[in-house]
Amino acid sequence: MQLYQLIQIIWIISACLLIVLVLLHSPKGDGLGGIGGQAQLFTSTKSAEKTLNRVTWALSITFMALTVVLSAGWIG
């Protein structure tokens with residue numbers, strides 16, 4: 001297995017996991033108050049939600065970085 005194929009497999013897995021994690025997020029229902037962060041002023045986020053947010057951010061960064069690497073052709 002070549003490095004390019006391994007990166008493609010990791011890219012596909014991260015995409016699928018990212019879809020699942022986004023669907024696991026609870027709807028906030030912030031409305032327009034969510035734009036300025038005012039809706040989170042009076043509520044506290046739980047530790048499970050914080051962990052879910054962190055994993056989602058990590059996977060999205062991984063997915064975007066691998067998208068750039070694969071589309072730029074840096075690995076041949």
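Values in this text are rule-based calculations from the coordinates and carry no lab data. Everything numeric here is computed off the predicted structure, so don't read it as measured data. Cβ coordinates were reconstructed from backbone atoms using ideal geometry, including for glycine residues, and neighbour counts include every protein chain displayed.
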Q) What list of ³J(HN,Hα) couplings, whole Hz, do you get for the range 68-76 from phi and the Karplus terms 6.51, -1.76, 1.60, once you set θ to phi - 60° and write x for glycine and proline? A) 5, 5, 5, 7, 7, x, 6, 10, x
Q. So how do 19-27, 59-67 stack up, highest first, on mean other-Cβ count within 10 Å?
A. 59-67, 19-27
